[in-house]
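**Q** Structure incoming, see below.
The values are calculated or read from the model by the stated rules, or taken from the named source; none is laboratory data. Computed from a predicted structure; not experimentally measured. Cβ coordinates were reconstructed from backbone atoms using ideal geometry, including for glycine residues, and neighbour counts include every protein chain displayed. For accessibility, only protein heavy atoms count, side chains too; no ligands or nucleic acids. Shrake-Rupley method; radii C 1.70, N 1.55, O 1.52, S 1.80 Å.
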Amino acid sequence: MPAIIPTRMELNRIRKKLATAVRGHKLLKDKRDELMRQFLERIYECERLRNKVETALEESRQSFIAARAEMTEEAVNTALAAPRHETELEAEVLNIMSVSVPKLTLKSYNDIPSYGYAFTAASLDTASDELRKIIPDMLRLAELEHSCRLMAGEIEKTRRRVNALEHVTIPEAQENIKYITMKLSENERANQVRLMKVKDMMLAEKYVN
């Protein structure tokens, strides 16, 4: 650490630095706490959606297995090779406590199957229906998981800055203020002693003359 010059100008500078650090510390703590709150909300929703999506995917898989048992491989491939419907997706960016997170919205989505029911087994229809219905939840899950990763990074960065202010910058400034104040007091007392000695010398000289 560089040597501290015990002057009143330096004392005022460090006091201002300390005041700024204290304000910054409070703001960063508030930001960290709010980020944690919103992060946990998304984590809980993520867990709920993941369970829902995984359950739906497993049910759809079981229905596809049943369809393969009821239909020929050629019939299944023909049904699934039919043209797919187009889906319009809108992607936005939201700002949450200085973190840019994605927002995905289905603008148009057709859940009508791309093949005729008359030529397929009911189990294939069920599997396709389950997959189509879960698409909005899958998009929301992808949005949430990416948002959580971004927010976790920002929380960690904010936490480090809070700790640096709390355990390094603020204590160091307080110690420097204490040191300069002590030195200035010592200098003040030394000056008073010198003045008193000078006064005594002047009085003594006056009486001698």
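**Q** Once phi is turned into ³J(HN,Hα) by the Karplus curve 6.51 cos²θ - 1.76 cosθ + 1.60 with θ = phi - 60°, what whole-Hz value does each residue of the stretch 134-144 show in order, with x for glycine and proline?
**A** After applying 6.51 cos²θ - 1.76 cosθ + 1.60, I find 8, 4, x, 5, 5, 5, 4, 5, 4, 4, 5 Hz.
**Q** Using a 1.4 Å probe on the protein chains only, how many percent of the accessible area of the stretch 1-72 belongs to carbon and sulfur?
**A** 59 percent
**Q** Starting from the amide H of Ile96, placed 1.01 Å from N in the peptide plane, find each other amide H under 5 Å away whose residue is 5 or more places distant or on another chain.
**A** Val101
**Q** Also: Any chance you could run the full-extension gain for Arg23 through Glu74? It's 0.36 nm times the residue separation minus the Cα-Cα distance, nm to one decimal.
**A** Separation in residues times 0.36 nm, less the Cα-Cα distance, equals 11.4 nm.
**Q** What FRET efficiency do you get for Leu150 and Gln192 if R0 is 41 Å and r is their Cβ-Cβ distance, rounded to the nearest 0.05?
**A** Details: r = 61 Å, r/R0 = 1.49.
Computed FRET efficiency for Leu150 and Gln192 comes out at 0.10.
**Q** May I pose another question? Spelling out what I want: for every residue of the stretch 12-24, take phi, set θ = phi - 60°, compute 6.51 cos²θ - 1.76 cosθ + 1.60 (Karplus), and round to whole Hz; glycine and proline get x.
**A** 3J(HN,Hα) across the stretch 12-24, in whole Hz: 5, 4, 5, 4, 5, 4, 5, 4, 5, 5, 5, 5, x.
**Q** Also, I was wondering about something else. What is the distance in Å between the Cα centroid of the stretch 126-203 and that of the stretch 41-72?
**A** 46 Å
**Q** Label points 7 Å out from Cα along the Cβ direction at Glu41 and Ala66: separation in nm?
**A** Placing both labels 7 Å beyond Cα along the Cβ direction yields 3.9 nm.
**Q** Something else now. Between Ile4 and Leu94, take the C-beta separation as r, use R0 = 35 Å, and let me know the FRET efficiency to the nearest 0.05.
**A** Calculated value: 0.15.
**Q** So which of Lys16/Lys178; Lys107/Lys133; Lys16/Lys157; Lys52/Lys133; Lys31/Lys157; Lys31/Lys178 end up more than 20 Å apart by C-alpha?
**A** Beyond 20 Å: Lys16/Lys157; Lys31/Lys178.
**Q** Which whole-number value in Å² is the accessible area per residue of the chain, probe 1.4 Å?
**A** On the way: 14440 Å² over 209 residues.
Using a 1.4 Å probe on heavy atoms only, each residue of the chain averages 69 Å².
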